[in-house]
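Each remark here refers to the structure printed beneath this line.
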Amino acid sequence: MFEIIFITLLVLFGIGGIWAFVVTKKVKKEGYETDAIISRIELQEWSGGIEPWEHGSITKDYYITFKNHEGQTVESLLSNPGDHEFKKGDRIRIKCLPDRQDYPVLVKIL
């Protein structure tokens with residue numbers, strides 16, 4: 001039973017990774033480029049286990065504000081911050097698809 005659950009999870013993570021890779025590649029190839037500002041940072045805590053001494057990890061979600069291709073201000077979660085440690089107000093360059101403004105991709109740090 002455990003093996004089936006493990007294999008199922010492994011397959012799902014593999015599919016998710018492939019999907020993220022394909023979408024990121026499409027955004028970098030076909031997306032429009034614009035400047036963005038880190039507008040807020042949210043901390044996400046992941047539990048490490050059941051026992052009190054088992055610590056989890058904390059990740060940061062970086063939200064950005066940018067003008068879309070129609071000139072409207074949009075806030076969205078940065079899809080690929082990598083290992084960068086951003087601060088609120090940092091300026092970056094992104095690419096985004098007009099129909100997928102919820103998946104902006106980091107191009108470079110300004």
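Quick notes on this structure:
- Annotation note: Cβ proximity below 9 Å between a residue of region 80-98 that is closer than 15 Å to Lys60 by Cα and a residue that is in a loop (DSSP other than H, G, I, E, B) and of a type in the set (A, V, I, L, M, F, W, C) (sequence gap 6+ or interchain) occurs for Phe86/Leu78; Asp90/Leu110.
- Qualifying positions in region 52-110 - β-branched (Val, Ile, Thr) and surrounded by fewer than 16 Cβ atoms within 10 Å (Cβ to Cβ): Ile58, Thr59, Thr65, Thr73, Ile109
So that you can scan it fast, the table gives a plain yes or no per residue for (1) at pLDDT below 75; (2) assigned to a loop (DSSP other than H, G, I, E, B):
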{"residue": "Ile18", "(1), (2)": "no, no"}
{"residue": "Arg40", "(1), (2)": "no, no"}
{"residue": "Ile50", "(1), (2)": "yes, yes"}
{"residue": "Phe66", "(1), (2)": "no, no"}
{"residue": "Lys87", "(1), (2)": "no, yes"}
{"residue": "Cys96", "(1), (2)": "no, no"}
{"residue": "Val105", "(1), (2)": "no, no"}
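- Qualifying positions in region 69-83 - modelled with pLDDT of 90 or more, in contact with a strand residue (DSSP E or B) (Cβ under 7 Å, 6 or more places away or on another chain) and assigned to a loop (DSSP other than H, G, I, E, B): Leu78
- The single residue among Glu33, Glu45 that is touching a strand residue (DSSP E or B) at 6+ places or on another chain (Cβ under 6 Å), surrounded by fewer than 16 Cβ atoms within 10 Å (Cβ to Cβ) and at pLDDT 85 or above turns out to be Glu33.
- Hey, Glu3 modelled with pLDDT under 90 and in a loop (DSSP other than H, G, I, E, B) or not: no
The values are calculated or read from the model by the stated rules, or taken from the named source; none is laboratory data. All values derive from a computational prediction rather than experimental measurement. When we count neighbours, we look across all protein chains shown, and the Cβ atoms used for this are built from the backbone with ideal geometry, even at glycine.
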